Amino acid sequence: MTTIAEPRSRATRKTSRTNAEMIGWIFMRASGVLLIVLIFGHLITNLITDGGVHAIDFGFVAGKWAQPIWQVWDLLMLWLAMVHGTNGVRTIINDYAERAGTRLVLKSLLYLAAVVIVVLGTLVIFTFNPCPPGAPADLLPSFCTA
Ligand code: HEM
């Protein structure tokens, strides 16, 4: 039978002296609240307004990322979701993986995946070319031909 320790009993594993876990706990709540605003704003503009989901194509995305407000919006959504999600999965690994080696392997894979996704996503948002040369004009945002 597995016995669950008292919630306020001392941790048996070596823990850090800083209050990093409390900062993480507060971050999960704060980022959760911000993510609600960011995700619902994203869903409303992409799926409901101006033709809804059927209006989404290359030109729609290119038009959005030509505006700094949407670059910042999507960047915040990417970073917050990734740091929030990665910290959440880190907690789950710490809770369920009992062997130190297993925790090390799983958390290394998790952090590697998070860094790759954050770096690639950030690069895409800022290096995206809305008017690629040679692309059919009807697929491009209207400002490309101007
Ligand atoms: C609507 C926006 C979101 C809100 C309000 C929210 C809220 C929260 C809160 C308050 C926690 C802490 C739960 C606890 O400590 O018991 C949490 C945990 C977690 N969240 Fe989010 N979250 C949101 C979006 C996301 C997204 C987009 C992801 C994935 C990228 C994600 C992945 C996780 C994971 C993996 C955990 C850990 C679950 C656990 O500890 O059992 N969440 N979330």
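Values computed for the structure shown
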quantity: Whether segment 65-146 is rounded, prolate or oblate, judged on the alpha carbon gyration tensor where a/c under 1.5 counts as rounded; calculated: prolate
quantity: Accessible area per residue in Å² at 1.4 Å probe, computed on the chain; calculated: 75 Å²
quantity: Highest-MSF residue in the chain out of Ala66, Ala135, Ala97 [GNM, Cα springs under 10 Å]; calculated: Ala135
quantity: Sites matching trypsin sites (Lys or Arg not before Pro) across segment 67-129 that sit in DSSP coil, with at most 15 neighbouring C-beta atoms within 10 Å; calculated: Arg99
quantity: Spacing of the two label points (7 Å from each Cα toward its C-beta) at Thr49 and Thr3, in nm; calculated: 5.8 nm
quantity: Efficiency of FRET between Ala66 and Leu34 - r from beta-carbon atoms, R0 25 angstrom, step 0.05; calculated: 0.55
quantity: Listed residues Gly24, Gly121, Gly101, most fluctuating in the chain (Gaussian network, C-alpha, under 10 Å); calculated: Gly101
quantity: Among Ala62, Ala113, Ala100, residue whose mean-square fluctuation peaks in a GNM of the chain (springs only between Cα atoms under 10 Å); calculated: Ala100
quantity: Inter-label distance for Ser142 and Asn19, nm, one decimal - labels placed 7 Å from Cα along Cα-to-Cβ; calculated: 5.4 nm
quantity: Distance between segment 25-89 and segment 113-146 - C-alpha centres, whole angstrom; calculated: 16 Å
quantity: For the chain, calculated [θ]222 nm from helices alone, where every DSSP H run of n ≥ 4 adds -39500 (n - 2.57); calculated: -21500 deg cm²/dmol
quantity: Solvent-accessible area, 1.4 Å probe, carbon plus sulfur percent, for segment 22-144; calculated: 76 percent
quantity: Kyte-Doolittle mean at least -0.5 and Cα axial length at least 30 Å: DSSP H helices in the chain; calculated: 20-43, 68-96, 100-127
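The values are calculated or read from the model by the stated rules, or taken from the named source; none is laboratory data. The shown structure was predicted, so the numbers you read here are calculated from the model rather than taken from an experiment. Cβ: placed from backbone, ideal geometry, glycine included. Neighbour counts: every protein chain shown. We work out accessible area using only protein heavy atoms, side chains counted, and drop any ligands, DNA or RNA first. Shrake-Rupley method; radii C 1.70, N 1.55, O 1.52, S 1.80 Å.
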